[in-house]
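To start, the structure under review is shown below, and the notes come after it.
The values are calculated or read from the model by the stated rules, or taken from the named source; none is laboratory data. Since we're looking at a predicted model, the values are computed, not measured. Ideal geometry is used to build each Cβ from the backbone, glycine not excepted, and the neighbour counts take in all protein chains shown. Ligands, DNA and RNA are excluded from the accessible area calculation, which covers all protein heavy atoms including side chains. Shrake-Rupley method; radii C 1.70, N 1.55, O 1.52, S 1.80 Å.
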Amino acid sequence: MKQTAKQVVLLGMLLVITLITSAAFNIKNVHADSKTINDLKIYFVPSKQPDQIVTATKPLKGLLKAQLKKQGYIVKNVDIKVGTSYEAAGEALSSGTADIGFIPGGTYVMYDDGAEVLLTATRAGLNKDFTSAKKWNDGKATEATDKQASTYRSLFIAGPSAKGQELAKKINAGKKLSWKDINSAKWGLSSTTSSAGYIYPSLWLNKNYKKTVIDLSNTVQVDSYGSGMARLASGQIDILPVYEDARRDFADAWTKDYKQDKSIWAETNVIGVSQPIYNDTISVSKKSKIMTKKFKSALSKSFIKLAKTDEGKKVIAIYSHEGYVKAKSSNYDGEREAQKVLKEESTK
């Protein structure tokens with residue numbers, strides 16, 4: 001009987017120890033899953049006027065916090081900045097001074113040693129998607145469709161200057177532009193990591209003329225598409241490579257801000273069309289200490305869900321984003337090809 005009593009006591013003690021250990025384990029797991037992040041730093045590229053981006057994305061702080069909370073993460077502070085250039089945003093990701101970057105594919109590829117792509121933006125597809133430049137030039141506005149697209153094209157827009165109109169006339173007559181034609185125009189080029197404004201125009205020039213933008217005799221750098229459109233309207237430049245729905249975005253500014261008499265559709269023409277380009281990315285820093293596998297998964301889910309809300313749609317509209325899908329690094333191999341061409345040209 002005494003032995004049995006001892007066994008009962010021993011079993012009771014083991015049960016208590018097991019319960020305490022189990023409770024401690026469960027408490028530890030609760031704390032592990034309920035993570036707190038003090039600061040989350042987001043960088044945007046200056047594809048629009050920086051003050052417009054800051055104003056439009058201000059609600060993102062609260063919206064992202066709310067979505068991440070549903071994923072089990074408490075974020076105390078979200079800091080949003082607009083890089084002074086595309087490169088500045090890429091460098092911020094590479095160095096770890098930014099955790100998240102809204103950057104084009106070209107910028108991602110250039111800095112993919114320190115950046116990892118999570119998502120590709122989707123936009124409304126357009127009712128025009130031609131490889132032929134002439135087919136874009138019917139004088140009618142390009143319209144959005146209900147279909148979402150994860151790729152777009154770079155269009156080389158000829159403005160109302162005498163040279164711009166000269167080149168457009170040849171294209172619309174069904175003629176092919178010579179390198180002499182191309183090189184006689186003054187080009188406005190975006191940052192060297194801009195997909196639509198620099199990289200894919202180089203790839204197009206290489207495929208058609210065995211040249212790149214480096215070979216163009218007369219170029220100026222534009223710090224944003226807005227300033228580039230203003231220069232195109234005034235005749236300061238003849239050609240401006242832009243993303244395919246840029247004219248839709250600047251249609252009102254063309255007559256109101258740039259004081260043009262006719263619409264952007266009447267005064268501009270497409271003289272060149274790039275191959276499809278994967279849309280902008282949401283990329284994260286490989287150097288960021290908070291970018292664990294679980295947190296990256298939570299971020300992806302949060303942005304995808306955020307983009308489906310009315311409030312979220314308003315925020316991401318500043319970049320003409322309408323949604324997000326999971327991305328693969330290989331989607332941006334076209335960017336890598338283009339940058340390889342640029343590198344080879346620069347070393348000649």
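Descriptive notes on the structure:
- On a per residue basis, region 184-291 carries 37 Å² of accessible surface, using protein heavy atoms and a 1.4 Å probe.
- For Thr151, residues with placed amide H under 5 Å, excluding near neighbours: Asn279
- Taking a point 7 Å from the Cα of Ala266 along the Cα-to-Cβ direction, the residues of region 135-166 with backbone N closer than 17 Å to it are 137-142, 159-161, 165.
- Radius 13 Å from Cβ of Ser94, net charge of other residues (Lys, Arg +1; Asp, Glu -1): -4
- Beta bridges by DSSP in the chain, antiparallel share as percent, to the nearest 5: 65 percent
- Ordering of 36-45, 207-216, 228-237 by packing [mean C-beta count within 10 Å, highest first]: 228-237, 36-45, 207-216
- Placed amide H near Tyr324: partners under 5 Å, 5+ positions off or other chain: Thr122
- Between the amide H of Gly272 and those of Phe156, distances stay under 5 Å, these residues lying 5 or more places away or on another chain, with hydrogens modeled in the peptide plane.
- Residue-averaged 222 nm ellipticity for the chain, from DSSP H runs of 4+ at -39500 (n - 2.57), nearest 500: -13000 deg cm²/dmol
- Shape call, the chain: gyration tensor on alpha carbons, a/c limit 1.5: prolate
- Local electrostatic count, Glu244, Cβ distance below 11 Å [Lys/Arg +1, Asp/Glu -1]: +2
- Scaled against 2.2 N^0.38 Å for its residue count N, the alpha carbon radius of gyration of region 159-274 is 0.99.
- Degrees between helix 293-306 axis and first principal axis of the chain (Cα, 0 to 90, nearest 10): 60 degrees
- Rounded percent of accessible protein surface that carbon and sulfur make up, the chain, 1.4 Å probe: 53 percent
- Region 78-118 and region 259-284 have Cα centres spaced 23 Å apart.
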